[in-house]
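Input: a single structure, listed below in structure tokens.
The values are calculated or read from the model by the stated rules, or taken from the named source; none is laboratory data. Note that the structure is a prediction, hence the values are computed from the model and not measured. Virtual Cβ from ideal backbone geometry, glycine too; neighbours counted across all protein chains shown. To get the accessible areas, we keep the full protein, side chains included, count just its heavy atoms, and leave off ligands, DNA and RNA. Shrake-Rupley method; radii C 1.70, N 1.55, O 1.52, S 1.80 Å.
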Amino acid sequence: MEQVRQLHDKYFEQADKALSSIPIAHTFQARTGVPKVYGGLGLASLVLSLVFFNIGAPLLVNLTGFGYAAYASFNAIESPGKEDDIQWLTYWVVFGFCNVAEYFTGLLTYWVPFYYVFKLGFLVWLMMPATRGAERLYLSTIRPVVAHVKTMATAQPAPTVQPAPLPKKSD
């Protein structure tokens, strides 16, 4: 039982530290008296339950994919380092590419069970700095495709052979 308590305390501290940079988490804790970690867990559980049961799932998943990324992007713009700027620019490229691809495969995604649960997990994987999923996907898939299209677009067109003029008809 002591090991469980130690694990709880360890992860509670890590989550509390992560939530310390979010002002609304402090406001929540001050107004309710509930630790911000439990509020964050409650919110995450609510969103995950709604997505799992497909209640407003498209909106919730896209808000998750957009909302946190926008917040992190604003912070990255204001930070002096360049590494987080690259991470979030890469995320937006991948996010946009996936949304365009999803638009064209909309009928197929309708038949995939728990599609929005998978999409939520995928977006979280893309966003997490620990996994750097957006960077991995960009470097392995999107960048080569864009480079290929770019070289095809800038390549010199093959010379065309002009047909010989037709002889004029004499009257």
Output for region 83-116, where each listed residue is touching a residue at least 60 places away in the same chain (Cβ under 8 Å) and surrounded by 15 or more Cβ atoms within 10 Å (Cβ to Cβ): Tyr116
Region 1-14 - residue that is of a type in the set (A, V, I, L, M) and at pLDDT 90 or above and, of those, nearest to Val117 (Cα to Cα): Leu7
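Matching residues to (1) among the basic types (Lys, Arg); (2) more than 30 Å from Tyr115 (Cβ to Cβ); (3) without any contact (Cβ under 8 Å) to a residue 60 or more places away in the chain; (4) surrounded by 11 or more Cβ atoms within 10 Å (Cβ to Cβ):
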| residue | (1), (2), (3), (4) |
| --- | --- |
| Ala30 | no, yes, yes, no |
| Pro35 | no, yes, yes, yes |
| Leu43 | no, no, yes, yes |
| Ile55 | no, no, yes, no |
| Gly81 | no, yes, yes, no |
Those helices (runs of 4 or more DSSP H) lying entirely in region 66-171 with at least 1 residues at pLDDT below 90 and either farther than 25 Å from Ala18 by Cβ or not hydrophobic (A, V, I, L, M, F, W, C) (or both): 83-104, 106-110, 143-154
Residue check, Ala25 touching a Lys or Arg at 6+ places or on another chain (Cβ under 6 Å), of a type in the set (A, V, I, L, M, F, W, C), over 30 Å from Pro144 (Cβ atoms) and open to solvent by less than 50 Å² (accessible area, probe 1.4 Å): yes
Considering residues of region 20-54 that are of a type in the set (Val, Ile, Thr) and farther than 19 Å from Leu120 by Cβ only, the residue nearest to the chain's Cα centre (by Cα): Ile22
